[in-house]
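The values are calculated or read from the model by the stated rules, or taken from the named source; none is laboratory data. Only a predicted model underlies this, so the values are computations on that prediction, with no experimental measurement involved. Backbone-built Cβ (ideal geometry, glycine too); neighbour counts: all protein chains shown. Ligands, DNA and RNA are excluded from the accessible area calculation, which covers all protein heavy atoms including side chains. Shrake-Rupley method; radii C 1.70, N 1.55, O 1.52, S 1.80 Å.
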Amino acid sequence: MAADMRLPTIRKPVSLTASAFDRKDLVVPGDIITSDTGFMRGHGTYVDEEKLTASVAGEVQRVDKLICVRPLKTRFNGEVGDVVVGRITEVQQKRWKVETNSRLDSVLLLSAVNLPGGELRRRSAEDELTMREYLQEGDLISAEVQSVFSDGALSLHTRSLKYGKLGQGVLVQLSPSLIKRQKTHFHNLPCGASIILGNNGFVWLYPTPEQQEEEAGGFYTSLEPVSLSDREVISRLRNCLLALAAHKVLLYDTSVLYCYESSVHHQVKDILKPEVMEEIVMLTQQKLLEQEG
């Protein structure tokens, strides 16, 4: 049986300001958020003896007079416009069922996808019979939340050419609360790979395509062999994502890129060792604080 033995090493001193640890907006169940009666009660809160109290562990968010607590660990609660990465679980009549890390399976209607070639016409019975040629069980897709049903299930669409079936790459499943909301969740990183940060916590890493096949209407997937250098970059990014997630660092293009740059001096397989992971994440947090300050 192989044993991994490591000698002690001198760590680089990394200084983080006290504000990174002294967080006033983090609460646990039972913590009093405010005793002011002028605020409205939102999700994750209740009133106890005229004091607004947290009912879940998470981050306090204030919008005007509304106070709610966003849980740190939860299933995905989708909103209209959210970018998601999901897996097809079932092909039904005129719709696909999609696993998106939410409480209920999401729905992708046949009328909500681009037809191959980008044709604009009504969906016929022939389209219904060939649904499995577009998407079948096990396929990964990127999509956008079009609407939310009354029971909380999500209705998706892939009408834009940036959405559709995903080809070769790596899926990393993380907590939805770690994904930072941004204007765009599709990023081509300068290290040679691209990333889709799904609001639902599913992150897709793939080699940056040289050219976009727009005629396929979102159904084209390249099956060309991926070079060793691209595979190493994607593997490093995957380990960086897991390291950031283990230390509860918000994930967005800048934090992922800084973490990648901090990990260059280590081998890909070493990034997930606890002491290396801690060093890389501390360096990343320091860079982010320097950028903000």
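Observations, loosely collected:
- Prolate/oblate/rounded label for region 20-173 (Cα gyration tensor, a/c 1.5): prolate
- The gain in end-to-end length when the Glu50 to Lys94 segment is fully stretched comes to 10.8 nm, 0.36 nm per residue minus the alpha carbon separation.
- Heavy atoms of Lys65 accessible to a 1.4 Å probe, total area in Å² rounded to 10: 110
- √(5λ) per eigenvalue of the Cα gyration tensor, region 65-127, largest first, Å: 31, 14, 9
- Translational diffusion of region 147-217, µm² s⁻¹ [Kirkwood Rh, Cα pairs; Stokes-Einstein; 10 °C; 1.306 mPa s]: 114
- For region 131-137, Karplus couplings with θ = phi - 60° (6.51, -1.76, 1.60), whole Hz, Gly/Pro x: 4, 6, 6, 7, 9, 10, 4
- Distance between region 161-207 and region 238-268 - C-alpha centres, whole angstrom: 14
- Pairs of Cα atoms in the chain fall into 10 Å distance bins, from 0 up to the last occupied one, in shares of 6, 23, 28, 24, 14, 5, 0 percent.
- Segments 181-188, 260-267 sorted - mean Cβ within 10 Å per residue, highest first: 260-267, 181-188
- For Arg41, the solvent-accessible surface with a 1.4 Å probe is about 140 Å², rounded to the nearest 10.
- Note on surface exposure: Ser150, Ser106, Ser111 rank Ser150, Ser111, Ser106 by accessible area, highest first, 1.4 Å probe.
- Between the beta carbons of Arg6 and Gln61, assuming R0 = 35 Å, the FRET efficiency works out to 0.25 to the nearest 0.05.
- Partnerless Cys - the chain, beta-carbon criterion under 4.7 Å: Cys68, Cys191
- Long-range HN-HN contacts of His43 with modeled amide H, under 5 Å: Val69
- Rounded to the nearest 0.05, the FRET efficiency derived from the C-beta distance between Leu189 and Glu133 at R0 = 25 Å is 0.15.
- Cross-link pairs exceeding 23 Å in C-alpha to C-alpha distance, out of Lys248/Lys287; Lys94/Lys183; Lys180/Lys248; Lys97/Lys165, comprise Lys94/Lys183.
- Cβ-defined net charge surrounding Gln136, 15 Å radius [Lys, Arg +1; Asp, Glu -1]: -2
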